[in-house]
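First up is the structure itself, then whatever we jot down about it.
The values are calculated or read from the model by the stated rules, or taken from the named source; none is laboratory data. Treat the numbers as computed from the prediction; the structure is a model and nothing was measured. Ideal geometry is used to build each Cβ from the backbone, glycine not excepted, and the neighbour counts take in all protein chains shown. Only protein heavy atoms, including side chains, enter the accessible area calculation; ligands, DNA and RNA are left aside. Shrake-Rupley method; radii C 1.70, N 1.55, O 1.52, S 1.80 Å.
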Amino acid sequence: MKLMPWSITVILLVLLAAVVTLLRQWQQNGPVSSAEQSATVTAQTVASQPYQPRRQVSGVLKAPQYLQLTNELSGTVSRINFSSGAVVEKDQVLLEIDHQEELARLAATEVRLSQQQKTVRRYQQLYQGQKVSTEALELAQARLSELQAEQQVLQTVIGKKVLRAPFRARAGIHDLQQGQFLERNLVLTTLVGLTDHSWVDFSVPQGLPELAAGDKVDVYLPGKTQAMTAQVVSVEAEVSSRLRQLRYRASLPGSQQQLRANQLVQVDFATGQSRLLPVIPATAVVRDQLGDYVYLLEKDQAGVLRARRQQVQLGARLGEQVLVTAGLQQAQLIANEGAFKLRDGLRAQVAVAAPDSLTAAAEL
């Protein structure tokens with residue numbers, strides 16, 4: 001039992017001597033090995049491409065010829081000469097409101113008018129022979145003018161009860177019936193002119209570069225990916241006080257049978273000059289609370305590839321690519337996939353290079 005404490009003491013002394021020996025060897029020879037930390041990423045050389053800033057706003061298609069057909073006078077429908085959705089020609093009679101009374105009065109007036117014209121001619125001959133007075137001739141001429149005015153009034157009333165198409169158009173849907181009584185100023189249907197173009201009305205927020213008459217814009221119809229080109233024809237004289245936007249009107253070629261009035265469209269137009277900008281994969285961008293960054297891959301004095309954090313300003317996104325407006329130059333090598341694993345000065349291992357940077361990766 002007395003030997004136990006001595007045994008423990010001897011063991012501790014042996015362990016202490018071994019530790020001291022290992023420390024002396026480490027001080028003399030240094031560490032046996034020290035592996036430097038690194039991260040494996042893919043590499044991408046910075047490419048450039050032309051870019052022109054553009055803006056897209058909503059617009060509305062408008063028909064250059066459009067009206068709501070209304071009846072100025074009340075009456076009973078005696079004839080309907082068009083169907084819903086049909087194409088009507090210019091001056092085609094669309095609808096007649098009963099005007100038999102006016103026709104009868106017009107016929108009677110024309111008979112009196114013809115008789116009065118003969119009377120005036122006879123009075124003129126008699127006046128030249130000094131057989132009638134000036135007063136008698138003037139009364140006859142006044143009566144003739146009165147009958148002519150009455151004729152014009154009746155013709156105007158009849159014209160208002162016979163509704164004609166003012167231009168070639170497609171009629172809207174209606175529920176008119178023959179024999180139906182119409183109150184005055186009732187909207188009967190709509191007429192959309194069949195022109196070879198449409199108007200596109202759109203507004204641009206204040207602060208963007210202004211468009212001018214003659215400028216081209218791209219128009220995207222609903223469900224279509226192919227743009228149509230329109231030309232600005234009118235610019236509003238003032239900015240709207242409520243929305244602070246400037247209104248434009250552009251002419252878009254195309255038949256009204258293809259383009260529908262009041263359709264919503266997208267209008268795309270340039271807002272600046274075209275310039276060459278660096279473009280990088282979106283996966284190369286690292287974000288934190290201070291902004292957007294990429295990691296440049298550069299060789300140090302020993303030829304080792306290391307990461308250097310570089311702040312960038314990003315522009316528009318083009319699919320899987322993103323434009324860089326500041327912070328990068330063409331042909332610089334950056335980390336792509338796996339960039340989030342890097343930090344300043346960390347050694348980088350390039351695993352697979354992007355297709356446009358195989359040469360740069362091979363040099364590493």
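Just a few scattered comments:
- The number of residues in the stretch 201-239 being outside any strand (DSSP E or B) and touching a residue at least 12 places away in the same chain (Cβ under 8 Å) comes to 12.
Quick grid of which residues meet (1) charged (D, E, K, R); (2) closer than 17 Å to Pro53 by Cβ; (3) touching a Gly at 6+ places or on another chain (Cβ under 7 Å):
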residue	(1), (2), (3)
Val204	no, yes, no
Glu210	yes, yes, no
Gly214	no, no, no
Asp218	yes, yes, no
Pro222	no, no, no
Ser234	no, no, no
Glu238	yes, no, no
Arg242	yes, no, no
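- Flag for Glu138 being outside any loop (DSSP other than H, G, I, E, B) and at pLDDT below 95: yes
- Scanning the stretch 244-261 for residues that are modelled with pLDDT of 90 or more and either part of a loop (DSSP other than H, G, I, E, B) or open to solvent by less than 70 Å² (accessible area, probe 1.4 Å) (or both) returns Arg244, Gln245, Leu246, Tyr248, Arg249, Ala250, Ser251, Leu252.
- Residues located in the stretch 262-271, provided they are part of a loop (DSSP other than H, G, I, E, B) and under 24 Å from Gly319 (Cα atoms): Thr271
- Restricting the search to strands (runs of 3 or more DSSP E) fully inside the stretch 63-111 and requiring at least 1 residues that are open to solvent by 40 Å² or more (accessible area, probe 1.4 Å) and closer than 26 Å to His197 by Cβ gives 66-70.
- Applying the condition of being closer than 20 Å to Gln263 by Cα and out of contact with any Lys or Arg (no Cβ under 9 Å at 6 or more places or on another chain) to the stretch 192-215 and asking which residue is least open to solvent (accessible area, probe 1.4 Å) yields His197.
- Test: residue in the stretch 342-358 that is acidic (Asp, Glu), open to solvent by 70 Å² or more (accessible area, probe 1.4 Å) and at pLDDT below 85: yes
- Positions within the stretch 116-135 being in a helix (DSSP H, G or I), of a type in the set (S, T, N, Q) and open to solvent by less than 90 Å² (accessible area, probe 1.4 Å), in sequence order: Gln116, Gln117, Thr119, Gln124, Thr134
- The strands (runs of 3 or more DSSP E) found entirely in the stretch 272-333 include none that carry 3 or more residues being without any contact (Cβ under 8 Å) to a residue 12 or more places away in the chain.
- Checking Val265 against (1) open to solvent by 40 Å² or more (accessible area, probe 1.4 Å); (2) within 28 Å of Val60 (Cα to Cα); (3) not acidic (Asp, Glu), the condition it does not meet: (1)
Table: residues versus (1) out of contact with any Asp or Glu (no Cβ under 9 Å at 6 or more places or on another chain); (2) within 26 Å of Glu320 (Cα to Cα).
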{"position": "Ser38", "(1), (2)": "yes, no"}
{"position": "Pro50", "(1), (2)": "yes, yes"}
{"position": "Arg54", "(1), (2)": "no, yes"}
{"position": "Gly59", "(1), (2)": "no, no"}
{"position": "Ala63", "(1), (2)": "yes, no"}
{"position": "Gln68", "(1), (2)": "yes, no"}
{"position": "Asn81", "(1), (2)": "no, no"}
{"position": "His99", "(1), (2)": "yes, no"}
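- In the stretch 228-243, the residue that is modelled with the highest pLDDT out of those that are open to solvent by 30 Å² or more (accessible area, probe 1.4 Å) and small (Gly, Ala, Ser) is Ser234.
- Total residues in the stretch 334-347, condition farther than 14 Å from Ala284 by Cα and in a strand (DSSP E or B): 1
- Criterion (touching an Asp or Glu at 6+ places or on another chain (Cβ under 6 Å) and of a type in the set (Lys, Arg)) met by exactly one of Arg287, Arg247, Arg260: Arg247
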